[in-house]
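The values are calculated or read from the model by the stated rules, or taken from the named source; none is laboratory data. As the structure is a computational prediction, the values presented were derived from the model and not from experiment. Cβ placement follows ideal geometry from the backbone for every residue including glycine, while neighbour counts extend to all protein chains displayed.
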Amino acid sequence: MNATVSAENNIIFGPINSRRFGLSLGVDLSSFAKQCNFDCLYCELAPAATVSAQTQTIPVFTIIEELKKHLHEKVDVITLTANGEPTLYPYLDELIDEIDKIKGNTQTLILTNSATLVDEKVFTSLLKLDQVKLSLDAVSPDIFKKIDRPHSTIKIDEVVSKVIEFSKVYKGKLFIEILFVYELNDTKEEVQKLNDVMLQLNASRIDLGTIDRPPAYPVMGISYKELHEIALQFDNSLPIHIASRVHAEPNNGSYSNEEIINTLDKRPLTKEDIDLLFDDASKHRLQTLVNSHEIVKKTVGNLEFFLPAQNITRKRKK
Ligand code: SF4
């Protein structure tokens with residue numbers, strides 16, 4: 001049974017300044033309880049039994065009324081999210097249409113775990129959004145089941161096929177997020193499988209992250225250095241971005257000019273990445289390379305990357 005609930009005070013949150021998406025006004029489509037088709041080991045919400053549909057829903061009218069109160073012209077993006085999985089919201093299509101009527105120049109974005117893309121209705125609704133972020137933590141069924149603990153009806157091979165299909169027809173900005181958990185999806189074999197899928201997608205950016213908030217279950221993230229090493233295992237034509245963490249431990253590595261160019265050749269880095277990876281002398285050497293135009297900056301999405309000047313025109317091979 002689907003019960004309607006009133007949760008006016010908690011539907012809208014922010015705006016918060018998101019480094020990846022700009023000034024983001026959040027819309028929580030399950031603000032009163034966790035309703036998710038996954039029960040991820042790393043979830044920052046408490047563990048909960050998975051569901052395949054929302055049993056408690058907020059009326060579209062209530063969400064729109066609340067959104068109108070908080071939306072202003074400085075907001076870059078209206079982010080549809082949830083205590084759980086936002087695409088389980090049964091009136092998503094109607095909600096997107098209603099937001100489109102009031103959003104003006106603001107972009108719409110959804111953060112989803114990708115599993116409901118197998119549902120034709122959800123697939124079609126997401127095509128209407130300006131930006132979509134799809135999570136994909138694993139390709140191997142056993143690893144997927146261990147990390148994301150999905151509802152019994154979800155098959156990862158079907159999800160991966162739909163992610164690929166979606167990326168081919170979607171006209172907006174597509175972001176992919178992969179979250180690494182220590183000793184689960186951080187193996188060379190799994191990274192290779194993820195890489196093979198990423199090469200079939202048309203993603204604007206692929207964010208690699210790890211656990212940076214207390215997780216639902218006793219699992220560990222990987223270090224920033226390990227995340228960087230994983231980033232290097234992906235094909236260098238892919239728009240990989242290491243999602244820096246506030247609490248990441250600095251690596252303070254020493255890089256010669258040649259090593260800086262080689263490192264940025266393999267994987268462009270943001271200023272935040274460099275702050276974590278390079279020691280002060282290496283940062284100074286990087287600045288000298290920027291001044292001499294051997295290293296340049298390039299903006300992708302909301303992020304600015306450093307890369308060798310000669311790579312600026314490099315095209316993806318696949
Ligand atoms: S998909 Fe998101 S909300 Fe659902 S369990 Fe995983 S991390 Fe938590």
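Considering only region 96-129, how many residues are surrounded by fewer than 17 Cβ atoms within 10 Å (Cβ to Cβ), closer than 19 Å to Phe61 by Cα and hydroxyl-bearing (Ser, Thr, Tyr)?
0
Could you please let me know if Asp235 is buried (at least 20 other Cβ atoms within 10 Å of the Cβ) and of a type outside the set (Ser, Thr, Tyr)? Outline the logic, then answer.
Values: buried (at least 20 other Cβ atoms within 10 Å of the Cβ): no; of a type outside the set (Ser, Thr, Tyr): yes.
No: the conditions fail for Asp235.
Taking the options Leu71, Leu45, Leu41, name whichever one is under 24 Å from Asn185 (Cβ atoms), at pLDDT below 95 and assigned by TED's automatic domain parsing to the domain that holds Leu129.
Working: Leu71 fails: under 24 Å from Asn185 (Cβ atoms); Leu41 fails: at pLDDT below 95.
On inspection, the qualifying residue turns out to be Leu45.
Looking at Leu126, Leu194, which one is more than 24 Å from Leu92 (Cβ to Cβ), touching a strand residue (DSSP E or B) at 6+ places or on another chain (Cβ under 7 Å) and free of Cβ contacts under 8 Å to residues at least 60 places away in the same chain? Give the derivation first.
Working: Leu126 fails: more than 24 Å from Leu92 (Cβ to Cβ).
On inspection, the qualifying residue turns out to be Leu194.
Only residues that are within 16 Å of the ligand (Cβ to nearest atom) and among the aliphatic types (A, V, I, L, M): list them for region 46-91, please. If you could, list the steps in order and put the result at the bottom.
Filtering region 46-91 for residues within 16 Å of the ligand (Cβ to nearest atom) gives 46-56, 79-89.
Ala46, Ala48, Ala49, Val51, Ala53, Leu80, Ala82, Leu88 - these are the residues of region 46-91 that are within 16 Å of the ligand (Cβ to nearest atom) and among the aliphatic types (A, V, I, L, M).
Taking the options Ser161, Ser256, name whichever one is under 30 Å from Glu294 (Cα atoms) and surrounded by fewer than 17 Cβ atoms within 10 Å (Cβ to Cβ). I'd like the intermediate steps shown before the answer.
Working: Ser161 fails: under 30 Å from Glu294 (Cα atoms).
The conditions single out Ser256.
Quick one: in region 140-162, of everything that is of a type in the set (S, T, N, Q) and within 16 Å of the ligand (Cβ to nearest atom), which residue is nearest to Tyr42 (Cα to Cα)?
Step one: list which residues in region 140-162 are of a type in the set (S, T, N, Q), which gives 140, 152-153, 161.
Narrowing further to those that are within 16 Å of the ligand (Cβ to nearest atom): 152-153.
Numbers: Ser152: 19, Thr153: 21 Å.
The residue in question is Ser152.
Taking region 269-307 as the region of interest, how many residues are touching a helix residue (DSSP H, G or I) at 6+ places or on another chain (Cβ under 8 Å), farther than 19 Å from Gly253 by Cα and at pLDDT 85 or above?
Here the count works out to 4.
When you scan region 20-45, how many residues do you find that are within 18 Å of Asp100 (Cα to Cα) and within 16 Å of the ligand (Cβ to nearest atom)?
Of the residues in region 20-45, 4 are within 18 Å of Asp100 (Cα to Cα) and within 16 Å of the ligand (Cβ to nearest atom).
This table checks each residue for (1) among the aliphatic types (A, V, I, L, M); (2) assigned to a helix (DSSP H, G or I); (3) modelled with pLDDT of 95 or more; (4) closer than 25 Å to Leu232 by Cα.
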residue	(1), (2), (3), (4)
Asp186	no, no, yes, yes
Glu189	no, yes, yes, yes
Asp196	no, yes, yes, yes
Leu201	yes, no, yes, yes
